Protein chains: 2
Amino acid sequence: MLFINLVKKYPFLAVLTTVLLLLVSCKEDTKTPSTVSSSETTSNQHPSLILTKAGVEKIRANLGNIPVFDKTLEAVKAEIDAEIELGIEVPIPKDYSGGYTHARHKKNWLTLQKAGVLYQILDDEKYAMYVKDMLFQYEAMYKTLPVHPKTRSYARGKLFWQCLNDSNWLVYVSQAYDCVYDYLSEEERSKLENNLFRPFADFISIENPQFYNRVHNHSTWGNAAVGMIGLVMKDSVLVNRALYGIEGVAIDKTAKDDDGGFINKDGKAGFLANIEKPFSPDGYYTEGPYYQRYAMYPFLIFAEGLQNVQPDLKIFEYKEGVLLKSVNALLNLSDADGEFFPLNDGQKGMSYYSRELVTAVDIAYQHGNQDPGLLSIAKLQDQVVLDDSGFSVAYDIENSTIEPFEKKSINLSDGSNGNEGGVGILRNEPIELVFKYAAHGSSHGHYDKLSFSLYEKGEEVLQDYGLARFVNIEQKGGGNYLKENTTWAKQTIAHNTLTVNETSHFKGKYEIGSKHHSELSFFDSDNANVQIASAKEDNAYPGTKMHRTMAIIKDASFEKPFVLDILKITSETKNQYDLPYYYMGQVLDTNFEYTTPKTLQALGAKEGYQHLFVEGKGKASGATTRFSWLSNRKFYTLTAATSKTDQLYFTRIGANDPDFNLRRDAGFMLRRPNTKNTVFVSVIESHGSYSPVSEFALNSKSNISEVKVLHDTEDYLAVNITDISGKTHLFILANKNVLKETKHSLIINNNEYQWTGPYYYN
Amino acid sequence: MLFINLVKKYPFLAVLTTVLLLLVSCKEDTKTPSTVSSSETTSNQHPSLILTKAGVEKIRANLGNIPVFDKTLEAVKAEIDAEIELGIEVPIPKDYSGGYTHARHKKNWLTLQKAGVLYQILDDEKYAMYVKDMLFQYEAMYKTLPVHPKTRSYARGKLFWQCLNDSNWLVYVSQAYDCVYDYLSEEERSKLENNLFRPFADFISIENPQFYNRVHNHSTWGNAAVGMIGLVMKDSVLVNRALYGIEGVAIDKTAKDDDGGFINKDGKAGFLANIEKPFSPDGYYTEGPYYQRYAMYPFLIFAEGLQNVQPDLKIFEYKEGVLLKSVNALLNLSDADGEFFPLNDGQKGMSYYSRELVTAVDIAYQHGNQDPGLLSIAKLQDQVVLDDSGFSVAYDIENSTIEPFEKKSINLSDGSNGNEGGVGILRNEPIELVFKYAAHGSSHGHYDKLSFSLYEKGEEVLQDYGLARFVNIEQKGGGNYLKENTTWAKQTIAHNTLTVNETSHFKGKYEIGSKHHSELSFFDSDNANVQIASAKEDNAYPGTKMHRTMAIIKDASFEKPFVLDILKITSETKNQYDLPYYYMGQVLDTNFEYTTPKTLQALGAKEGYQHLFVEGKGKASGATTRFSWLSNRKFYTLTAATSKTDQLYFTRIGANDPDFNLRRDAGFMLRRPNTKNTVFVSVIESHGSYSPVSEFALNSKSNISEVKVLHDTEDYLAVNITDISGKTHLFILANKNVLKETKHSLIINNNEYQWTGPYYYN
């Protein structure tokens, strides 16, 4: 830390040190070429990024004895042998993502990296020759290659329509070059470096500062690309440009990128700034897990290269080891099947089985404290990276103790300093709840303060819609963001949270939303029976404050843990409050009357409302409203405390969707019109099961007869749940004074309740 | 067969024979009590229905050595021990299916049967005592029990709302009684027989002839119930009533049951008539696989009892061994995951993992020719019946060769004599197509002549909607058929077949539809590259004839086998033709323009059209119309030959559905208005894949540039498919003279084609 801080103050120190290190390692190189361990300086050897000479020796010595490694190797060998058989193709760039030239160059970067690694591990010249041949085809093309013909990007690349993908290419190809470095003659190397690598690195950095010189996942890729090729080429200028950004570049602080995010509001840049800013101290990446996954690869692969070449930088200890913490955070941001919660712009189905997470888990294992829980994830992944870290993991899967990676309730703070809200994940038996009270999440953020989604055994119960995009599927808008991402997916009404007066949080404006975050009231997972998080949002609607508390409560009177959802609203004005629940599955039953219209019309005209059809409309029949549905062969019931003026809507996504870009998913919405202060309280139960094979319907009915707000003051809120046996269950929330040790006492209906801590449940 | 025919003519023979058999076996009983094999007469021994004394001995001798059997035994023992612990509950009947008393009595019949079997296998008196105690609680209640209070059924039961379920109860409880027969004193037995079993058997037969005396799955249960208790009680009157129906009962031939089917149009009755009539010689059961599965249990379990007690009847050889053939047919009527095709009224998800199929497979194995393919299904089921047949299977899984149960293309005729149309199943690699050209399918039939559904690896590609019912889920209409089953699921427009002038086949009238069936033109699965079926329907619309040909064609120019769908229509009048395809998944892309309405309206007012919302409408832009969609992470394209007057609709199920009883699934529909004779030709391709983990979209585009009708006469129809490389693929169909050996010659555009058999493809 001290060194890094010094370097920040005096950048010349870094240059000096790198030069010194290069000198030192040159000397060492001639002395002990084959005995250098990865923890020592190996800076003038090759390979040195993800493989080291020592590592390669160890791998070669163990070939055939480490099943997961051998299996991965066999698969990669088969894949690359087939590719070599097919011949090299380096087409003139022309397409957007989803198109042929895009897919081909993407395939090439992956193939080059793998072929390079195979050359090192198998010591078979055919792989080196293949890498060399393809690199020279790129060299021949790149020299005269103009900027990419597609014009949509704020930072057009050369091989791809955006610099981002050019950077992806260089991050991978640097590794390939590192692997064949010694195979090439000095002349060949200088041809490649002068005509391809250095101009390439300059293009994505100096020539595109709006892309390179900012804090954003795009820039992280750019920084890593420049840094990794710099490490291979021993070019300290490039390495420093990677670590600290381009010197002396001024960027328009009000300019925006393709996604509508500010390019560079505060002038920070470089790899270290990119670690500093978007990661919270808990390792949460502000854009959300989908982009964290995407960003993890350049963060970790470049960090690994730095660790191998410049161990004194202690990159894995930077910001209290946040890179390693981020792997843990990311694994915790997945459901029971390993799929990431689709917070903000996130494509569903992305999971810890992705290649980025294979890398992340392997690197975190080797460069962290060899957490045996990570081995169980690696075992599920059933593959490793073909490098030193992957070998360590594969070796220890065989020779060490594997422990389950236990996912418990966890609170992850957001913001560089951990004080910009966060994401609370509550877990209890099969039930998993993700509660978002974070910062905006940069340009990929959604306007959904205090929203949540609910899972059971990895299946969505109440969904977060995710993004409106079909990544890399050309037929759907070239595989890029669809306009419905803005008009629907980002809007507040698309989420399980409150929309006031049919207007999104912060009026749906990034300029406003990106300035604010929600505030945690408390998070408490100490009591195994009550996993709870509570947070407040005061800025989404000026003059209207929201305070939402979510708990998963395990109670012997119930078959499974149930969810308690309390949303207290305090406002200066009368408003219309809409609180939707995007349930998955089919309506079973309600305790209220509703009508279904002959023709379906949109719920509203803007802010996402234009995309919801109204399939049914009713009124609460009394103080307790019940709605049951069937999903994934299980029964679910939402029981809400209501008043007779509450309106109830059944909605269906898909209105005003001319290209069928949206899924036709369902929603149930509580609407409370013309109200100032109020509380929404709902209980969500999962109960029973249905088997279409035995045709048994077990426990298909709710266990609750009434949900009631017993007490509602500035200080306390009490909710009474009566089960069908007549037994009552009382929950009291302290709105203030939420310290764990604070004693409370409250009289409700002549009964006095005393407890310690922010809540009472009995 | 001779004996059975004689008995039919002279029923007294059966009584006489049974009495003689009883006498003979009494003698044998005293001679060799412990060495009787299941193939000998064991009629006066107990147990004798599904377990025999010899079988029980063999089972006991092998306990602990036969894993699948031991595992099943352990699971059943744990289940029944827990039940015994909970105590006996025999509530006064009150509820419909889905309600408590229904579920309880259902649970009781299952528990009794299992407890009885456990007593025999484990020789532990506690199980016999439990059976005895519960039976006497039923005895005490039944004596004075009135008819069930719920009035909806045409044949109300006593324990249940319909005689059908009372019969279910007796089929199972007979087995329990058989197992504890020797444990009970003679006095106890006569009390049970006089107060419970005989009145019970009389109630469901003599007192409910409209239920008992017909050819229908309901009656099969009734017959089996009466027959099985008759076999245990050695009551030849009951056994004969089971085999041949109630003597001398006249039933109103125009009366209908709850499902709208005729009660008894031709006066046949009894178990043998129930085998005779609904099964085709291929073993297809006219109601479809869902009900065949349901009916299999009483068919096979009673047949097994008959085989054990009255082997001379040779029940498994009856109608050329149709009972055993039916098990093979049923297994073939399942998709790659073992789920039955939901032809007619069928609830999706029902599969060969159901308890009925465990029984069917075990009995078919033991009483058939020990097909090693059945062992592989039994291994998948991972359980066996705890009886002689289940033991044989479990034993042979360990000690014999298991072969895969290979599902190939198969044609299953419908109708007692196999001449009432049928169901053709085409299979080629991952693609599976079910083509229905059958008879109406009794009261559970749908109006969907020449319809089809398409599967890939067990996933629906083009779905058959199935039924509109949530079996045993009380909240949905008591778990019974919903009104949308009639207004939607049975209607023609709900299926992938032709609707003319917005009217269902046979005007949706059972009286008409049940008189007709489609006619096979040919079925040919000899060529591994072309699996094909062709059939004609002349009666669904008087004056309009349909001829549909479906093929799965494997061609090296295509990634996977594709489907060719040719529907030729000849009419005396101009009509509107609607041909829908109920695709699963989401619209990707079209080659035609369409508009999406702001408000959704129903496509029509009746015959199912009132349940379809129009989500989009367009016109064919030219001679080839292309529509692609994404489903289950695979790409699909339908390419149709069209004219510019063809209208194209995107539909969504769910209009006029006040209780949300219908799934919101999608459809794509070709409409050809104001047309006399015409041909619809479409090709359906499955291509490529999408992974949300790697985000690679492979082969996401169709391989076809044009589909064209080249030739269309009374005799021949030729279709030309041009792939994107420009290569043409010609298919010629002979509309007549479809014998395999017939030689054809045809000149198209000056080229002469010569071939042998009903089709040409090159």
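Which numbered condition in (1) in a loop (DSSP other than H, G, I, E, B); (2) more than 11 Å from every other protein chain (Cβ to nearest Cβ); (3) buried (at least 24 other Cβ atoms within 10 Å of the Cβ) is the only one that A:ASN369 fails?
With respect to (1) in a loop (DSSP other than H, G, I, E, B); (2) more than 11 Å from every other protein chain (Cβ to nearest Cβ); (3) buried (at least 24 other Cβ atoms within 10 Å of the Cβ), A:ASN369 is out only on (3).
Could you grab me the full set of residues in the stretch A:730-739 that are surrounded by fewer than 17 Cβ atoms within 10 Å (Cβ to Cβ) and either polar (S, T, N, Q) or over 38 Å from the mean Cα position of the chain (by Cα) (or both)?
A:ASN737 - this is the single residue of the stretch A:730-739 that is surrounded by fewer than 17 Cβ atoms within 10 Å (Cβ to Cβ) and either polar (S, T, N, Q) or over 38 Å from the mean Cα position of the chain (by Cα) (or both).
Quick check: anything in the stretch A:398-410 away from every other protein chain (no Cβ under 14 Å), more than 22 Å from A:SER682 (Cβ to Cβ), in contact (Cβ under 8 Å) with a residue 12 or more places away in the chain and aromatic (Phe, Trp, Tyr)? Walk me through how you get there before you give the answer.
Looking only at the stretch A:398-410, we keep the residues that are away from every other protein chain (no Cβ under 14 Å), and these are A:398-410.
Next, from what is left, pick out any that are more than 22 Å from A:SER682 (Cβ to Cβ): A:398-408, A:410.
Narrowing the set further to residues that are in contact (Cβ under 8 Å) with a residue 12 or more places away in the chain leaves A:398, A:400-408, A:410.
Within this subset, residues satisfying the condition of being aromatic (Phe, Trp, Tyr) are A:405.
The answer is yes; a qualifying residue exists.
Surrounded by fewer than 24 Cβ atoms within 10 Å (Cβ to Cβ), of a type in the set (Lys, Arg), away from chain A (no Cβ under 14 Å) and within 20 Å of B:ILE410 (Cα to Cα) - does that describe any residue in the stretch B:449-462?
The answer is yes, given that some residue of the stretch B:449-462 is surrounded by fewer than 24 Cβ atoms within 10 Å (Cβ to Cβ), of a type in the set (Lys, Arg), away from chain A (no Cβ under 14 Å) and within 20 Å of B:ILE410 (Cα to Cα).
Just for the stretch A:611-656: of the residues that are more than 23 Å from B:PHE613 (Cα to Cα) and charged (D, E, K, R), which one is modelled with the lowest pLDDT?
A:LYS644
List, please: which pairs have Cβ atoms under 8 Å, are six or more places apart or on different chains, and start with a residue in the stretch A:524-542 that is surrounded by fewer than 16 Cβ atoms within 10 Å (Cβ to Cβ) and end with one that is aliphatic (A, V, I, L, M)?
A:ASN529/A:ILE553
Among the acidic types (Asp, Glu) and either surrounded by 20 or more Cβ atoms within 10 Å (Cβ to Cβ) or within 25 Å of B:SER689 (Cβ to Cβ) (or both), is that true of A:GLU484? Full working, then the answer.
Values: among the acidic types (Asp, Glu): yes; either surrounded by 20 or more Cβ atoms within 10 Å (Cβ to Cβ) or within 25 Å of B:SER689 (Cβ to Cβ) (or both): yes.
For A:GLU484, the condition - among the acidic types (Asp, Glu) and either surrounded by 20 or more Cβ atoms within 10 Å (Cβ to Cβ) or within 25 Å of B:SER689 (Cβ to Cβ) (or both) - is met.
Tell me which residues, restricted to the stretch A:592-639, are within 8 Å of chain B (Cβ to nearest Cβ) and assigned to a strand (DSSP E or B).
Selection gives A:THR595, A:LEU600, A:ALA602, A:PHE613, A:GLU615, A:GLY616, A:SER628, A:LEU630.
I'd like the full set of residues that are more than 11 Å from every other protein chain (Cβ to nearest Cβ) and surrounded by 20 or more Cβ atoms within 10 Å (Cβ to Cβ), limited to the stretch B:580-591.
B:PRO580, B:TYR581, B:TYR582, B:TYR583
Before we move on, is B:ALA155 of a type outside the set (Asp, Glu), assigned to a helix (DSSP H, G or I) and in contact (Cβ under 8 Å) with a residue 24 or more places away in the chain?
No.
Which of the residues belonging to the stretch A:80-94 are in contact with a His (Cβ under 7 Å, 6 or more places away or on another chain) and of a type in the set (A, V, I, L, M, F, W, C)?
Narrowing the stretch A:80-94 to residues in contact with a His (Cβ under 7 Å, 6 or more places away or on another chain): A:93.
Selection gives nothing.
Out of all the residues in the stretch A:669-686, is one or more of a type in the set (Phe, Trp, Tyr), assigned to a strand (DSSP E or B) and within 14 Å of chain B (Cβ to nearest Cβ)? Write out each step before concluding.
From the stretch A:669-686, those of a type in the set (Phe, Trp, Tyr) are A:680; that's our starting set.
Still in the list and also assigned to a strand (DSSP E or B): A:680.
Checking which are within 14 Å of chain B (Cβ to nearest Cβ) leaves us with none.
No, that holds for no residue.
So that you can scan it fast, the table gives a plain yes or no per residue for (1) within 36 Å of the chain's Cα centre (by Cα); (2) crowded, with 21+ Cβ neighbours inside 10 Å; (3) without any contact (Cβ under 8 Å) to a residue 60 or more places away in the chain; (4) within 14 Å of chain B (Cβ to nearest Cβ):
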position: A:ARG652; (1), (2), (3), (4): yes, yes, yes, yes
position: A:LEU662; (1), (2), (3), (4): yes, yes, no, yes
position: A:ASP665; (1), (2), (3), (4): yes, no, no, yes
position: A:SER689; (1), (2), (3), (4): yes, no, yes, yes
position: A:VAL719; (1), (2), (3), (4): yes, yes, no, no
position: A:THR728; (1), (2), (3), (4): no, no, yes, no
position: A:GLU741; (1), (2), (3), (4): yes, no, yes, no
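Keeping to the stretch B:92-119, report how many residues are in a loop (DSSP other than H, G, I, E, B) and under 17 Å from B:GLU139 (Cβ atoms).
First pass over the stretch B:92-119, keeping only residues in a loop (DSSP other than H, G, I, E, B): B:92-99.
Subset that is under 17 Å from B:GLU139 (Cβ atoms): B:92-93.
Of the residues in the stretch B:92-119, 2 are in a loop (DSSP other than H, G, I, E, B) and under 17 Å from B:GLU139 (Cβ atoms).
Counting only residues that are in contact with a Gly (Cβ under 6 Å, 6 or more places away or on another chain) and small (Gly, Ala, Ser), which one in the stretch A:333-369 is farthest from A:GLN463 (Cα to Cα)?
Of everything passing the filter in the stretch A:333-369, A:SER351 is farthest from A:GLN463 (Cα to Cα).
Quick check on the stretch A:341-355. Is at least one of its residues within 30 Å of B:TYR690 (Cα to Cα), in a helix (DSSP H, G or I) and away from every other protein chain (no Cβ under 14 Å)? Write out each step before concluding.
Filtering the stretch A:341-355 down to residues within 30 Å of B:TYR690 (Cα to Cα) leaves A:341-355.
Filter again for in a helix (DSSP H, G or I), leaving A:355.
Among the residues that remain, those that are also away from every other protein chain (no Cβ under 14 Å) are: none.
Checked against the condition, which is being within 30 Å of B:TYR690 (Cα to Cα), in a helix (DSSP H, G or I) and away from every other protein chain (no Cβ under 14 Å), the stretch A:341-355 yields no hits at all.
Residues being surrounded by fewer than 22 Cβ atoms within 10 Å (Cβ to Cβ) and not in a strand (DSSP E or B): count how many of those fall in the stretch B:488-500.
The qualifying residues number 0.
Can you go through A:LYS158, A:LYS126 and tell me which one is within 21 Å of A:LEU192 (Cα to Cα), surrounded by fewer than 15 Cβ atoms within 10 Å (Cβ to Cβ) and modelled with pLDDT of 95 or more? Reasoning before the result, please.
Details: A:LYS158 fails: surrounded by fewer than 15 Cβ atoms within 10 Å (Cβ to Cβ).
None of the other options fit; the residue is A:LYS126.
Is at least one residue of the stretch B:142-149 surrounded by 18 or more Cβ atoms within 10 Å (Cβ to Cβ) and in contact (Cβ under 8 Å) with a residue 60 or more places away in the chain?
no
Which residue pairs have Cβ atoms closer than 6 Å, lie 6 or more positions apart in sequence or on different chains, and pair a first residue in the stretch A:212-223 that is under 16 Å from A:GLU287 (Cβ atoms) with a second residue that is outside any helix (DSSP H, G or I) and of a type in the set (Lys, Arg)?
Matching pairs, first to second residue: A:VAL215/A:LYS268; A:VAL215/A:LYS277.
Which residues, taken from the stretch B:305-340, are in a loop (DSSP other than H, G, I, E, B) and surrounded by fewer than 24 Cβ atoms within 10 Å (Cβ to Cβ)? Walk me through it before giving the result.
Residues of the stretch B:305-340 that are in a loop (DSSP other than H, G, I, E, B), as a first pass: B:310, B:314, B:333, B:335-338.
If the condition is that a residue be in a loop (DSSP other than H, G, I, E, B) and surrounded by fewer than 24 Cβ atoms within 10 Å (Cβ to Cβ), then B:GLN310, B:LYS314, B:ASP335, B:ALA336, B:ASP337, B:GLY338 are the ones that fit.
Cβ-Cβ distance below 7 Å, separation of 6 or more or different chains: which pairs start in the stretch A:471-493 with a residue that is more than 17 Å from A:SER443 (Cβ to Cβ) and end on one that is assigned to a loop (DSSP other than H, G, I, E, B) and β-branched (Val, Ile, Thr)?
Listed by first residue and then by second, the contacts come to A:GLY479/A:VAL471; A:GLY479/A:ILE473.
Looking at A:ASP555, A:ASP565, A:ASP589, A:ASP538, can you tell me which residue is part of a loop (DSSP other than H, G, I, E, B) and over 17 Å from A:ARG664 (Cα atoms)? Steps first, answer last, please.
Details: A:ASP565 fails: part of a loop (DSSP other than H, G, I, E, B); A:ASP589 fails: part of a loop (DSSP other than H, G, I, E, B); A:ASP538 fails: part of a loop (DSSP other than H, G, I, E, B).
It is A:ASP555.
Within the stretch B:176-219, work out how many residues are farther than 24 Å from B:LEU164 by Cα, in a helix (DSSP H, G or I) and among the polar types (S, T, N, Q). Write out each step before concluding.
We begin by selecting, within the stretch B:176-219, every residue farther than 24 Å from B:LEU164 by Cα; these are B:180-191.
In the following step, the residues that additionally are in a helix (DSSP H, G or I) were identified as B:180-183, B:186-191.
This time we only want the ones that are among the polar types (S, T, N, Q), so: B:190.
Number of matching residues: 1.
Got a sec? Which of B:THR645, B:THR573 is away from every other protein chain (no Cβ under 12 Å), touching a Gly at 6+ places or on another chain (Cβ under 8 Å) and outside any strand (DSSP E or B)? Break it down stepwise before answering.
Details: B:THR645 fails: touching a Gly at 6+ places or on another chain (Cβ under 8 Å).
That would be B:THR573, the only listed residue that is away from every other protein chain (no Cβ under 12 Å), touching a Gly at 6+ places or on another chain (Cβ under 8 Å) and outside any strand (DSSP E or B).
For A:HIS102, are the conditions met, namely being in contact (Cβ under 8 Å) with a residue 60 or more places away in the chain and over 29 Å from the mean Cα position of the chain (by Cα)? It would help to see each step written out before you state the result.
On the way: in contact (Cβ under 8 Å) with a residue 60 or more places away in the chain: yes; over 29 Å from the mean Cα position of the chain (by Cα): no.
No.
The values are calculated or read from the model by the stated rules, or taken from the named source; none is laboratory data. Everything quoted here is computed from the prediction, not taken from an experiment. Virtual Cβ from ideal backbone geometry, glycine too; neighbours counted across all protein chains shown.
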